[in-house]
Amino acid sequence: MKKMFIRAYCQSNLGDDLFVLQLARRYPGTRFYLYALGENQNAFRDQPNLILPGTWDRIRRKLTHTLHIPRREVFDGQGLDGRVAIGGSIFWEGAPTDYLEGTFLIGANCEDSYSPAYRQKLSSALASAAGCCFRDRFSYAQFRGLPRVTCAPDVLYDWAPVQSPCRGQGIGISVVSRKGAFQDDSLRQSYYDAIAGLCDLCRKEHIPVKLLGFCRSEGDGEAMEAIRTRTADPGDLTCVLYQGDVDTFLEEMNGCETILATRFHAMILGWVLGKNVVPILYSSKQTHVLEDAGFQGPMWNALKGETCTGPELLEMARRQEGRLDISKLKQEAGQQFDALDKFLQA
């Protein structure tokens, strides 16, 4: 049985938690060691081949800060066979790259542009990786000349929910805050106002509506509160914040007919659940994936400075043009693991 260290974003973010679970479930005969602590372990405790830090590891954690020991070395006594990094937007300008040598990299995307110095640093690091599969063609095109660099659709197109997809009722709105996306104050306030306006309109027309927060540590709870207080009847608005309860949260999404998707994986999971999806774009990573998927439905492109109102959002949702046949994308998503398949099955 091989033993692998997982490098991932372990802050109870729905998309990243599902990345880790998808990885662990694909290889039930492999033991994966994951550096998640406290409440951030909630999503992983029932996955038998995920090994989480125990009491002694928490003591050793202090040494990682004091002595600058890499996190994977907390598990070095376990005789690890390799490393895998799984995540999406992990290559921002200046992001660390020293961990990539000999690592299997799954599901990442690139920024639209880098400084020449960082591009060279990232290129050198990717050349030393055991394998690298990007999740969009734009990112792949930037480094396609490197050995062992490939491309396949996002990992979660192939997520198998325990819920049977149903048509659902009403609108679920995935939100983001200053920490997650909208750094510009005026744009963020416009975003909050538009969502609050939609919630008020849905209440008047007796359309079920709920706010969905994918990550508390990135301020999704704060965003829901900012929107809630802008509505005419704050106490009547349903807010659902993910806290490691994967199946419960996805059941809330499944109960909706339409998903207004600001979060990247609200788009993907919405399609996985068969929903009518209206993307709200704040980042080019969404644009690139939508282009790859051939999506033609309505969207609010806040990235281009477009403004929107509650009535306009409701009109987009009612058009029912946001469903997507993901059968081909689902099949191809498994190619994200091709290099790791060869290593673990050798």
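Readers should treat all values here as calculations from the given coordinates under stated rules, not as data from a laboratory. Being a predicted model, the structure only gives us computed values, none of them experimental. Note that each Cβ is placed from the backbone with ideal geometry, even for glycine, and that neighbours are counted across all protein chains shown.
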What are the residues whose amide H is under 5 Å from the amide H of Val277, where those residues sit 5 or more places off or on another chain and H is modelled from the backbone? Ile259, Gly322, Arg323
Give a residue-ordered list of calculated ³J(HN,Hα) values for segment 102-118 (Karplus: 6.51 cos²θ - 1.76 cosθ + 1.60, θ = phi - 60°; whole Hz; x for Gly, Pro). x, 9, 8, 9, 10, x, 8, 9, 10, 6, 5, 8, 9, 5, x, 5, 6
Semi-axis lengths (Å, descending) of the ellipsoid that matches the C-alpha gyration tensor of segment 171-326: 20, 18, 17
Prolate/oblate/rounded call for segment 1-58, Cα gyration tensor, a/c under 1.5 rounded: oblate
Cα convex hull volume per residue for segment 198-270, in Å³, equals 90 Å³
Are any of the pairs Lys210/Lys304; Lys179/Lys304; Lys275/Lys328; Lys210/Lys275; Lys179/Lys210; Lys179/Lys204 more than 23 Å apart by Cα-Cα distance, and if so, which? Lys210/Lys304; Lys179/Lys204
Within segment 248-315, which GluC sites (Glu not before Pro) sit in a loop by DSSP and count at most 14 neighbouring Cβ atoms inside 10 Å? Glu306
Length gained when the stretch Asn301-Asn42 is fully extended (0.36 nm per residue, less Cα-Cα span): 89.8 nm
Counting only C-alpha contacts under 8 Å and six or more residues apart, can you give the relative contact order of segment 171-326 as a whole percent? 27 percent
To the nearest 20 Debye, how big is the dipole of segment 171-326 about its Cα centre, given +1 on the beta carbon of each Lys and Arg and -1 on that of each Asp and Glu? 140 debye
Under the Kirkwood approximation for Rh and a Cα-based Rg, what ratio Rg/Rh is obtained for segment 286-346? 1.19
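Return Thr307, Thr262, Thr238 ranked ascending by Cβ neighbour count within 10 Å, so the fewest neighbours appear first.
Working: Thr307 12, Thr262 30, Thr238 15.
So the ranking, lowest neighbour count to highest, is Thr307, Thr238, Thr262.
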Loop-only GluC sites (Glu not before Pro) in segment 126-223, please: DSSP not H, G, I, E or B, and at most 12 other Cβ atoms within 10 Å. Glu205
Using label points projected 7 Å from each Cα along Cα→Cβ, tell me how many nm separate Glu222 and Asp341, to one decimal. 4.3 nm
Contour minus end-to-end for Asp98 and Met1, with contour as 0.36 nm per residue of separation and end-to-end as the Cα-Cα distance? 32.2 nm
DSSP-loop chymotrypsin sites (Phe, Trp or Tyr not before Pro) across segment 7-42, with at most 14 other Cβ within 10 angstrom: none
Over the Cα atoms of segment 235-346, what Rg and Dmax result, in angstrom? 16.2, 57
For segment 119-124, just list the computed ³J(HN,Hα) in residue order, Karplus coefficients 6.51, -1.76 and 1.60, θ = phi - 60°, integers in Hz, with x standing in for Gly and Pro. 4, 5, 5, 5, 4, 5
So, for the Cα atoms of the chain, Rg and Dmax in Å stand at 20.3, 61
May I ask you to evaluate 6.51 cos²θ - 1.76 cosθ + 1.60, the Karplus curve with θ = phi - 60°, for each residue of segment 140-152 and list the ³J(HN,Hα) values in order in whole Hz, giving x for glycine and proline? 4, 4, 6, 9, 5, x, 7, x, 6, 9, 9, 8, 7
What ranking do Lys275, Lys304 get, fewest neighbouring Cβ atoms within 10 angstrom at the top? Lys304, Lys275
